[in-house]
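Just below is one structure, and these are the notes that go with it.
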Amino acid sequence: MKLTLAYNPLNDAALILIAEALGFYDSEGLDVTLSREANWSNIRDKLAYGLIDAAHILAPMPFAAALGQGPSMGRIIAPMALGANGNSVLVSSELKQRLEQEGAVPKTLLGSARLLAREVERRRYAGAGRLVFAVPFTFSPHHFMLRHWVAAAGLDPERQIQWVVAPPSRMADMVKDGVIDGFCSGAPWPQTAQRNGQGEILFSDPDFWTLKPEKILGVRADWADSHPEATIALTRALLRAGLWASDAGHHDDLVRILARKTYVGATAEAIELALLPQETPGGTGLCLDPRIATFPWISHAKWFLGQMVRWGWLSPDHDFDQLARRVYRPDLWRQAAGGLGLNLPLFDEKDEGGHPHDWLLPASPADIAMPPDQMFDGGIFRCAASSKI
């Protein structure tokens, strides 16, 4: 079965790239052509016009498009997530120095947000313009995270911060040229910018949410309906890539594969830095383990929809369960993962946050050992109780 699969050159496209490099598509009977795209709008439009069949996409994209927020991308389903974490926030050296004049920049997000609020106030008194931050797409986890961060210090993200959309690979140059004061993007571009002296990383995804949902596999629904067996085979190929990538013994090979010019195309040093745990400065805590970070949780979908409501982009008068289940397809994940012998979650929803320590997720035939799942402000996103599958 032939299909075209698009990706944005980021570390969190790893499963898509590894599956090609190691022949997992071929062994699943798939003839996959990869399409490297410069930005998310290209991917959205190519999905809409049927120029590609599936893609590495931002999790909120299909919800926004389905709700009339921006151009259509057709009906999209998501049989799996492509990992957790992977982004960093970089600020210009000038802004970092400004924050340090207010005192040492705390490691906590609440602390750094308070320093940012003082800088916003200083600029207001000085008659300077608003701080400008770039995100890769309006409806993106990056944008939601930055808004949540600045709002934590009492700032109004709509009135007191200016937001622009830009391709991740261009953001570092925009900082260097003084066009923006900072940005949030997927690795390895913040790490590349820091290594080139174009700014400093302030924090990364796990500092905000230790197991933050990010990209998903988006498949055109008409293609999936016409090719149900190929959809499962594609999902299985990517899960196999995740099993390979999560083996620590493959770390060096993973870096070499991602660094290929035709894949991510950044330096191996920047890619490796971004793959390190969050405790290492510059590390993004990217989790590619399919047992932990690839299940398409309905509760993740509802969190994204809740963010759209919070920031006034979506009316709360919607059936969010129906919206979430129209896109996220945990049933397809279970079909693909079951064939690989993975443990299958017993529920489609869970509490998001609220696990400061390792914990066990109810699953069959055995529970899944999970790492901490905690938000920086101690918040818990809790859906209505759901039935066991």
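The values are calculated or read from the model by the stated rules, or taken from the named source; none is laboratory data. Here the structure is a predicted model, which means the values were calculated and not measured. Here Cβ is always computed from backbone atoms with ideal geometry, including for glycine, and neighbour counts include all displayed protein chains. Side chains included, ligands, DNA and RNA excluded: accessible areas come from the protein's heavy atoms. Shrake-Rupley method; radii C 1.70, N 1.55, O 1.52, S 1.80 Å.
A few comments on the model shown:
- Residue in region 251-263 that is within 30 Å of residue 356 (Cβ to Cβ) and assigned to a helix (DSSP H, G or I) present: yes
- Considering residues of region 99-133 that are of a type in the set (Gly, Ala, Ser) and without any contact (Cβ under 8 Å) to a residue 12 or more places away in the chain only, the residue surrounded by the fewest Cβ atoms within 10 Å (Cβ to Cβ): 127
- Of residues in region 209-238 being out of contact with any strand residue (DSSP E or B) (no Cβ under 7 Å at 6 or more places or on another chain) and open to solvent by less than 10 Å² (accessible area, probe 1.4 Å), the one nearest to residue 49 (Cα to Cα): 233
- Residue satisfying all of: in region 320-376; outside any strand (DSSP E or B) and in contact with a His (Cβ under 7 Å, 6 or more places away or on another chain); farthest from residue 299 (Cα to Cα) among these: 372
- Checking 144, 183 one by one, the residue that is at pLDDT 95 or above, open to solvent by less than 10 Å² (accessible area, probe 1.4 Å) and assigned to a strand (DSSP E or B) is 183 and no other.
- Within region 292-318, considering residues that are farther than 20 Å from residue 57 by Cα and either polar (S, T, N, Q) or outside any loop (DSSP other than H, G, I, E, B) (or both), the one most open to solvent (accessible area, probe 1.4 Å): 310
- Within region 343-378, being of a type in the set (A, V, I, L, M, F, W, C) and either within 23 Å of the chain's Cα centre (by Cα) or at positive phi (or both) holds for 344, 347, 359, 361, 368, 369, 370, 375, 376.
- Some residue of region 216-224 being over 14 Å from the mean Cα position of the chain (by Cα), aliphatic (A, V, I, L, M) and assigned to a helix (DSSP H, G or I): yes
- Test: residue in region 200-207 that is under 21 Å from the mean Cα position of the chain (by Cα) and either among the aromatic types (Phe, Trp, Tyr) or closer than 24 Å to residue 341 by Cα (or both): yes
- Residue within region 120-143 that is in contact with a helix residue (DSSP H, G or I) (Cβ under 6 Å, 6 or more places away or on another chain) and farther than 25 Å from residue 69 by Cα present: no
- Residues of region 246-266 classified as open to solvent by less than 70 Å² (accessible area, probe 1.4 Å) and either over 24 Å from residue 53 (Cα atoms) or of a type in the set (Ser, Thr, Tyr) (or both), total: 10
- One residue stands out in region 333-386 among those that are among the basic types (Lys, Arg) and open to solvent by less than 60 Å² (accessible area, probe 1.4 Å): the one that is farthest from residue 304 (Cα to Cα), namely 334.
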